[in-house]
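Enquirer: Quick one: the structure is below, and I'll ask about it shortly.
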Amino acid sequence: MRRAWVFVALLPGATLAQEGAQDAPPVPLHAPVPVVEMMAAAHWVVQLVSLILGLGLFAVVTILIFKLGELWLAGHRLRMSLAAVAGAGTLEEAGQRLGGRRCVGAGMARAAVDEFSLSFQMVAQAGSAGVKERVRARLERIAGGASARLRRGTGVLATVAATAPFIGLFGTVWGIMSSFLAISAEGTTNLAVVAPGIAEALLVTGFGLVAAIPAVVVYNWVQRRIAALRQGMADMAVALEVLLSRDLDRRAAR
């Protein structure tokens, strides 16, 4: 093996080849991708697709920042309201504790107190079943409205998550089609002719995934948080109905 290496080294031009290889700059294994330059030189259709995907990603990030504050604040206020109702002995006391607050829990408490006050004179003759049904209906209405407000923006997340891969696929098809058109125009399959269109296609595919994956993650997180808040609102409704039933029994026992 050593003799073979010496023989190759003594061949004419071997020394020059080795010196040239040593003088040549090393080729980087992971060269940076010139995204801006590629987009500037891309076809206008590819640029339009990339712009749409960029707007979708911007919308996802904006909704995420907004939902982080909105859902945290809603959960904090709901926990405080539940704690206040849990320490109240009567429905009126619960309404007084939550009177100055602006949250779904306070709205539910005020609705229950108002309905009980309006039905107070009729309980003796009509019974307590009607007031309980009306309070339950008003509480469900308030909880449903709060849930609908919390779901604002989730439609955009779902749309981006569902359509971004297909929009990127459209850009991919266009880039590959451009490569075939370049082959037809040049009459050669040289890599310099095919590479730009394929590079554009792969770049737009990556843009589609970059927009779709965060949209799916944020959508699922928002849905889980809304489900947890709806459970908290259901607990709030139960706590208020328990206080209402206790007040009605206390009135009947007099």
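Values in this text are rule-based calculations from the coordinates and carry no lab data. A quick note: this is a predicted structure, and the numbers were derived from the prediction, not measured. As a convention, Cβ positions derive from the backbone with ideal geometry for all residues, glycine included, and neighbour counts pool all protein chains shown.
Enquirer: If you stretched the chain out fully between F58 and T90, how much longer would it get, using 0.36 nm times the residue separation minus the C-alpha to C-alpha distance? Each step should come with its number before you reach the end.
Expert: Details: separation 32, 0.36 × 32 = 11.52 nm, distance 4.85 nm.
6.7 nm is the gain from fully extending F58 to T90.
Enquirer: So if each residue of separation counts as 0.36 nm, and I subtract the Cα-Cα distance between T159 and R102, what length gain in nm does that give?
Expert: Working it through step by step, the gained length comes to 17.3 nm.
Enquirer: Once you place label points 7 Å from the Cα toward the Cβ at T205 and M177, how far apart are they in nm?
Expert: Using points 7 Å along Cα→Cβ, the separation is 1.7 nm.
Enquirer: Going by average Cβ density within 10 Å per residue, which order do the peptides 216-227, 104-115 take, highest to lowest? Write down the numbers at each step before the final one.
Expert: Values: 216-227: 16.2, 104-115: 23.2.
So the peptides 216-227, 104-115, ranked by packing, come out 104-115, 216-227.
Enquirer: Each residue of the range 204-209 in order: what ³J(HN,Hα) in whole Hz does its phi give by Karplus 6.51 cos²θ - 1.76 cosθ + 1.60, θ = phi - 60°, with x for Gly and Pro?
Expert: With the stated coefficients, the range 204-209 comes to 5, 4, x, 4, x, 5 Hz.
Enquirer: Okay, moving on. How far is it, in nm, from the label point at S245 to the one at H43 when both lie 7 Å from their Cα along the line to the Cβ?
Expert: Rounded to a tenth, the inter-label distance reads 6.8 nm.
Enquirer: With the crude spin-label approximation of a point 7 Å out along Cα→Cβ, what separation in nm comes out for R151 versus Q231?
Expert: A separation of 1.9 nm, rounded to one decimal place.
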